[in-house]
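K.L.:
Attaching a single structure in structure tokens format; questions to follow.
Read the figures in this text as sums done on the coordinates, not as results from a lab. None of the values given here were measured: they were computed from a predicted structure. Every residue, glycine among them, receives a Cβ derived from its backbone with ideal geometry; neighbour counts consider all protein chains shown.
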Amino acid sequence: MNSEPDDELVEAARTAIGQCMALAPDESCLVVTDDERETIGEALHAAARDVTDDAVILRYPPGEQHGEEPPKSVSAAMCGADVVLAPTTKSLSHTRARGDANDAGARVATLPGITDEVFTTGLDADYERIADECVSVIEQVADADEIRVTSPSGTDLTVRPGDREWHADTGIVHEAGGMTNLPAGEVYVSPETGDGTYVVDGTMRPHGLLDDDQRLTFEVEDGYVTHISDDEIRRQVEAAAEEVGRDAYNLAELGIGTNVAVESLVGSVLLDEKAGGTVHVALGDDAGIGGDTDAPLHLDGVIREPTVYADGAEVELPRV
């Protein structure tokens, strides 16, 4: 990793290092990356070096699945840093390594599946406004017993958060032990249970941005996905179920996008799930976001044009 990073990438990296993470000169910074994301890793490392002499970059081969644990040496290094940024092909967001680093006091930003385009686009945002949008949404949903989501494509899903807390991913992580996903902008909860149907018509791995007439349908009963219409996604979940059983089908997350700088979906779950006025639903692991299910995958699907109700009252969603 000897080449100089692109100036545009470094400028976006400075936003991440400065505005989002508030790295200080007396702090340590670790960038965790892999062979397929090294240009972004280099840019973040260069921006961090402009702030502190204690900036290190670690690279390892891409994992096989989102949520897969990194090598033990990487996990240990994450626990020893003040600030960790992880532009990786496979997500570290829902890993014990990320959770342990937070528990040790690190401020962590994960950038799963990030591309140069998404990095430069997604970091060109007013994160103070994004934070305000997050506050507005949480004020409307935090005390609700039931959240219902409908959409023109056929979604009609009701989740019950129970005692689990709603979280805001504002992109601003200035306190020890904090975590964000960059690009940022969402409010989310890991519901205790849920029932109904959700239909993904936006973006979902491994397909990326769906065709106009493409729909991925998921049936949910008592907090578990009982039917998956798509063969590729079903095979992924079945493979995970061989390891963890029913937990692979866990209804893991309901999220509401609050990043009003994202004007259209581009096919990256990382960016598209943050788009203002969208909803995303995930299955699989939720241990890192307030749930109690450990699973080797976390699959988000983005829903366009949703209507959200909190105990029957329509929620005012952020709009571009």
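K.L.:
Could you give the length gained on full extension between ARG319 and SER229, defined as 0.36 nm per residue of separation minus the Cα-Cα distance, in nm?
P.N.:
Using 0.36 nm per residue and subtracting the Cα-Cα distance, I get 29.4 nm.
K.L.:
Measuring from label point to label point, each 7 Å out along Cα→Cβ, what is the LYS72 to ASP211 span in nm?
P.N.:
Roughly 4.8 nm, to one decimal.
K.L.:
Taking 8 Å as the Cα distance limit and 6 or more residues as the minimum spacing, I'd like the relative contact order of the chain as a percentage.
P.N.:
Over the chain, the number comes to 16 percent.
K.L.:
Using mean Cβ contacts within 10 Å as the protection proxy, how do 292-304, 57-69 order, highest first?
P.N.:
292-304, 57-69
K.L.:
Another question, if that's okay. When ARG49, ARG107 are ordered from fewest to most other Cβ atoms inside 10 Å of their Cβ, what list results?
P.N.:
By the 10 Å Cβ count, ascending: ARG49, ARG107.
K.L.:
Now for a separate question. What is the gain in length, in nm to one decimal, between ALA142 and ASP6 on full extension, counting 0.36 nm per residue of separation less the C-alpha to C-alpha distance?
P.N.:
My answer for the length gained is 44.8 nm.
K.L.:
Which of (i) 116; (ii) 126; (iii) 134 is the computed volume of the Cα convex hull per residue in Å³ for the structure on display?
P.N.:
The value matching this structure is (i).
K.L.:
OK, next. Say R0 is 25 Å: what FRET efficiency, to the nearest 0.05, do TYR60 and ALA104 get from their beta-carbon distance?
P.N.:
0.80
K.L.:
At a 10 angstrom cut-off on C-beta neighbours, averaged per residue, how do the peptides 12-22, 117-127, 306-316 rank from highest to lowest?
P.N.:
Listed from highest to lowest mean packing, they are 12-22, 117-127, 306-316.
K.L.:
Please check: in the Gaussian network model of the chain (C-alpha springs, under 10 Å), which one of LEU251, LEU182, LEU210 has the largest mean-square fluctuation.
P.N.:
Among LEU251, LEU182, LEU210, the largest GNM mean-square fluctuation belongs to LEU210.
K.L.:
Oh, and also: Given the rule -39500 (n - 2.57) for each run of at least 4 DSSP H residues, summed and divided by the residues of the chain, what is its mean residue ellipticity at 222 nm, to the nearest 500 deg cm²/dmol?
P.N.:
-7000 deg cm²/dmol
K.L.:
Related question: Compute the distance from the alpha-carbon center of segment 151-185 to that of segment 222-258, in whole Å.
P.N.:
18 Å
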